[in-house]
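Q: After the structure tokens below, expect a handful of questions from me.
The values are calculated or read from the model by the stated rules, or taken from the named source; none is laboratory data. Predicted model only: the values in this text are computed from it and were never measured. Cβ: placed from backbone, ideal geometry, glycine included. Neighbour counts: every protein chain shown. Please note that ligands, DNA and RNA were not included when accessible areas were found on the heavy atoms of the full protein model with its side chains. Shrake-Rupley method; radii C 1.70, N 1.55, O 1.52, S 1.80 Å.
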Amino acid sequence: MAVNNIWVFAQGANGAATTFTLELLTKARSLASNVSAFVAGDGASLAGELGKFGATKVYSTGDLGGRLVGVAASAAMKALIDGGDKPDLILFPQNYDGRDTLARLSVKLNSTVLTNNIDISVNGDEVVATTPIFGGNVLFATAFTGAGPHLASFRPKSFAAEPSNGAAAQVVAVAVPDTGVTGAAKVTAVHVEESTGPKLDEANIVVSGGRGLGESKNYGLVEELAKLLHGAPGASRAIVDAGWVPYSYQVGQTGKVVKPSVYIAAGISGATQHMVGMKGSKNIIAINKDKEAPIFAVADLGIVGDVHKVLPKLIEALKARG
Amino acid sequence: MKGMKIVVCVKQIPDPATPGSLDTSTHALKRDGKLILDDSDAYGVEMALQLAASAGGGEVSIVSMAPNGEMSGMRTALAMGAVRGVLVSDPALAGSDALTTAKVLAGAVQKIGMPDLVIAATESTDGYTGTVPEQLAEVLGLPSVTFAKKVKIEGAAVKIERQTESGYDEVECPLPVLVSVTAGVVEPRYPSFKGIMDAKKKEIVTVTAADLGVSPVGWSGAGQKVSSVTQAEARKAGQVIEDDGEAHAKIVAFLENLKVI
């Protein structure tokens, strides 16, 4: 089964397609001539941008009326597939709604899922997805067996988004079938956590703090340094779990993947979970008092020292430069 | 809701502190040493115990799947306060994909009897496919709320704060429902000495995949096969220096050299 027809689970935010979506579209059109986007929401408003990055069609469910995306989107996709509109491969973003939809759909189609991938290739009938394991030291490539549609999800920034300058995608309205009791969960309120400065996954410089900071009030040093460098503050899972900072600050396998020009890890030992999210940074500076810390194996500049001494001096020195 | 029945899915994994390795012939993650309760699942067990207590009493059971009869991680959950467990153990399960795992766990949940609430972690620490909870909900025909960072029972419904890309959503759902909880949602208790002793006497029912009527499982049921395993291009370590009180100047020079300041 050659791959001719690919769907991309596409998402919008603030009226524009997410960068993540554009990355997946770019990859999809390198694999197949026929690429469609599926939007669990208002796809029409994104049709221009999705077309510009290679989608010829956009399936749009319209407003979900408070239903959770996973249940609604997977039911709508299944209905399309049952109706004969069948892709060979569906690419999902590795995020909350992407994961939910992928998981529900896999049961409906009785199809395996390959998740956390950073690459995918098609060789004739064989579709192979690659995921990094053991902190990214080993690349594990897995081939789908059986009939499609094949379902795969990808980490952000796995591919570079490049426009094809295609025409606006043709909008196809799709109905969400009755999801019965499985659709009983309803969103009753939406909260947006405001943050100032650049976004963590888009910042040119990221300063992250970990358990080595000792206590939560010392995270202020990380924030101050990030601000001075016009960067974004981040965190290891350990201090997010400890409640020092919100989950949206987390860099790592279960948080955000960042690839800034400079990544500064302060008091972070370098657990696999964390390294997966920051190893792609162009330059890494690590400050840790344990000289055996794994983070030093990936650092371009490693400082074996006490973050409580180094950070204040660094902040002072940067301030003195004006 | 008095007498609430809760089932928590738990995974027993190799200690994450020891480096992982792959079986050289099958390329599966090696899981042959002593297994421990996945930290991610301790949050779910704790959440279940707290919800049962605040409901004025209830019953927390656990389900797990392991190819080799391993129970030590389940004992930890029982020592925390769960009352019974179902372990699906079967050499045939080795190599199972996430979808098969969800089908097997669904069988185990049904063996206990359909509960009011199923709790799982968002993903395991060792394999982290991250789809099993939502797949399990679909197999069981349940609604689900994933990535919960706050969970509360009100009457016959759950009220949840669900993590989103930009903040969180408030979500409501009538019971029964499956909820996946994020790490840090509650502070897991340490099992007491009495809890550890009591746990030894608690019942763990062991069944096979065939007992549950789930087939095919393992390598033959997985819709995937290993294609290749290669070493990634290693990132080279750079300069590592001991702080002599002037290390900050090195960082400033490094940043200057990159022209980012």
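Q: Using label points projected 7 Å from each Cα along Cα→Cβ, tell me how many nm separate A:A167 and B:V226, to one decimal.
A: Here the answer is 4.9 nm between the modelled labels.
Q: Accessible area of the protein assembly as shown with a 1.4 Å probe: how many percent of it is carbon plus sulfur?
A: 51 percent
Q: On full extension of the chain, what length is gained from A:S121 through A:K78, given 0.36 nm per residue of separation minus the C-alpha to C-alpha distance?
A: 13.0 nm
Q: Which part of the stretch B:103-121 falls in the paramagnetic zone of B:E203, meaning amide N under 18 Å from the point 7 Å along Cα-to-beta-carbon?
A: The answer is B:108-115, whose backbone nitrogens lie closer than 18 Å to the label point.
Q: Still on this structure: Can you give the accessible area per residue of the stretch B:1-86, in Å², using a 1.4 Å probe?
A: Ligands and nucleic acids excluded, the figure is 40 Å² per residue.
Q: Return the subset of A:K199/A:K282; A:K57/A:K256; A:K186/B:K150; A:K291/A:K313; A:K282/A:K319 for which the Cα-Cα distance in this structure is over 27 Å, preserving the input order.
A: A:K57/A:K256
Q: Please compute, for peptide A:299-309, the average count of beta-carbon atoms on other protein chains lying within 10 Å of each residue's beta-carbon.
A: 5
Q: Per DSSP helix of 4 or more residues, -39500 (n - 2.57); summed, then divided by the residues of chain A. What does that give at 222 nm, rounded to the nearest 500?
A: Helices in chain A give a 222 nm mean residue ellipticity of -8000 deg cm²/dmol.
Q: Assuming R0 = 30 Å, can you tell me the calculated FRET efficiency for the pair A:A147 and B:A28, based on Cβ-Cβ distance, to the nearest 0.05?
A: For A:A147 and B:A28, the calculated efficiency is 0.80.
Q: Computed FRET efficiency, Cβ-Cβ of B:N68 and A:A242, R0 25 Å: what is it to the nearest 0.05?
A: 0.15
Q: Can you list residues from other chains, or at least 5 along the same chain, whose modelled amide H is less than 5 Å from the amide H of A:T61?
A: Amide H neighbours of A:T61, under 5 Å, 5+ apart: A:V39, A:G41, A:G43, A:V174.
Q: Please compute the length gained on full extension between B:I241 and B:K150, using 0.36 nm multiplied by the number of residues separating them and subtracting their Cα-Cα distance.
A: Full-extension gain reported as 28.4 nm.
Q: While we're here: State the volume of the convex hull built on the alpha-carbon positions of chain A, expressed per residue in Å³ and rounded to an integer.
A: Dividing the Cα hull volume of chain A by its residue count gives 143 Å³.
Q: Would you please name the GluC sites (Glu not before Pro) within the stretch B:176-244 that are DSSP coil residues with at most 11 other C-beta atoms within 10 Å of their C-beta?
A: For GluC sites (Glu not before Pro) across the stretch B:176-244 that sit outside H, G, I, E and B with at most 11 neighbouring Cβ atoms in 10 Å, the list reads B:E203, B:E233.
Q: What residues does the stretch B:137-166 have that are buried by at least 30 Å² of accessible area in the full protein assembly compared to the chain on its own, 1.4 angstrom probe?
A: B:E138, B:G141, B:P143, B:S144, B:F147, B:R162, B:Q163, B:E165, B:S166
Q: Would you mind checking which residues have amide H under 5 Å from B:V63's amide H? H placed 1.01 Å from N; only 5 or more apart, or other chain.
A: B:V8, B:C9, B:V10, B:V86
Q: Could you give me the ³J(HN,Hα) list for the stretch A:220-234, computed from phi with Karplus coefficients 6.51, -1.76, 1.60 and θ = phi - 60°, whole Hz, x at Gly and Pro?
A: Residue by residue, the stretch A:220-234 yields x, 5, 5, 4, 5, 5, 4, 5, 4, 8, 6, x, 10, x, x Hz.
Q: Choose one answer from A:L50, A:L24, A:L64: the residue with the largest mean-square fluctuation in a GNM of chain A with alpha-carbon springs under 10 Å.
A: Comparing A:L50, A:L24, A:L64 in the GNM, the peak value goes to A:L64.
Q: Using only protein heavy atoms and a 1.4 angstrom probe, determine the accessible area buried between B and A, summed over both sides, in Å² to the nearest 100.
A: In total, chains B and A hide about 7000 Å² from solvent.
Q: If one computes the Cα centroid of the stretch A:41-72 and of the stretch B:68-82, what distance in Å separates the two points?
A: Each part reduced to its Cα centre gives a spacing of 44 Å.
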